[in-house]
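Chemist: This is the structure, below, for whatever I ask next.
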Amino acid sequence: MRKRMLIFALCLFLLLSSVAWGQDARITDVIVTNTRDDLILFFRVQDCFTQDLEKAILSGVPTAFTFLASLDQVRNFWKDKNMASLEIRHTVKYNNLKNEFEVTRSEHSEKSIIVGTLSEAKKIMAEVENVRIAELKSLERNCHYQVSVKAELSKITLPFYLHHVFRFFLFLWDFETDWHTTDFIY
């Protein structure tokens, strides 16, 4: 009996972990442009909301995306030079009583946006727009640069006593995309 339970638990673990690792989230629509003074970045993450994640959000569990962005000067025969690194955080929390979603974005001074539908909240969560990554005066003309972007999702940590109880299930919502790199000459 004990052996069967162990085999069942192992099979369940492998099945659930393959579902979690099979996440197809990816960075798309990366645009690197400039204003008169700054280098500006736009991008989005696609296929990052699973049904389980949507259910967790609708049950009131605060959920956060962390976006990592890096600007490097590509140099031949030398290690690339890091010019800038950013960490951007988007958080969504559903309020059952008001039937609304509160989305905060760190690149916009943590100012909250209140929306009435999950689809609106998902769109805002998955897009990063008009983020200043560097001042143009810090870049050299006619040099090769790369902007790399990555997204990570993890639910906000539960209270200590609940985190240990639900540790395995928290793992099922965690994901990260591969790095997406865009090359350009300034």
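The values are calculated or read from the model by the stated rules, or taken from the named source; none is laboratory data. Note that the structure is predicted; figures quoted are calculated from it, not measured. Here the Cβ is made from the backbone with ideal geometry for all residues, glycine too, and neighbour counts use every protein chain on show.
Chemist: Just checking, does segment 46-65 include any residue being in contact (Cβ under 8 Å) with a residue 40 or more places away in the chain, closer than 30 Å to I185 by Cα and touching a Leu at 6+ places or on another chain (Cβ under 7 Å)?
Modeler: The answer is yes; a qualifying residue exists.
Chemist: Which residue is surrounded by the most Cβ atoms within 10 Å (Cβ to Cβ), if the candidates are limited to segment 57-83 and must be closer than 19 Å to E152 by Cα and out of contact with any Phe, Trp or Tyr (no Cβ under 9 Å at 6 or more places or on another chain)?
Modeler: Filtering segment 57-83 down to residues closer than 19 Å to E152 by Cα leaves 57, 61-71.
Checking the rest, the ones that are also out of contact with any Phe, Trp or Tyr (no Cβ under 9 Å at 6 or more places or on another chain) come to 64-66.
Working: A64: 18, F65: 21, T66: 16.
For segment 57-83, the residue satisfying everything is F65.
Chemist: Against the condition over 20 Å from L153 (Cα atoms) and not charged (D, E, K, R), how does V32 come out, does it pass?
Modeler: yes
Chemist: Related question: Using the structure shown, decide if K123 is exposed (fewer than 15 other Cβ atoms within 10 Å of the Cβ), within 17 Å of the chain's Cα centre (by Cα) and outside any strand (DSSP E or B).
Modeler: Details: exposed (fewer than 15 other Cβ atoms within 10 Å of the Cβ): yes; within 17 Å of the chain's Cα centre (by Cα): yes; outside any strand (DSSP E or B): yes.
The answer is yes for K123.
Chemist: Hey, any hits in segment 132-154 for a residue that's modelled with pLDDT under 90, of a type outside the set (D, E, K, R), under 17 Å from the mean Cα position of the chain (by Cα) and exposed (fewer than 14 other Cβ atoms within 10 Å of the Cβ)?
Modeler: Among the residues of segment 132-154, not one is modelled with pLDDT under 90, of a type outside the set (D, E, K, R), under 17 Å from the mean Cα position of the chain (by Cα) and exposed (fewer than 14 other Cβ atoms within 10 Å of the Cβ), which makes the answer no.
Chemist: With the requirement that a residue be assigned to a loop (DSSP other than H, G, I, E, B), touching a helix residue (DSSP H, G or I) at 6+ places or on another chain (Cβ under 9 Å) and modelled with pLDDT of 90 or more, what does segment 30-84 give you?
Modeler: Matches in segment 30-84: T35, R36, D37.
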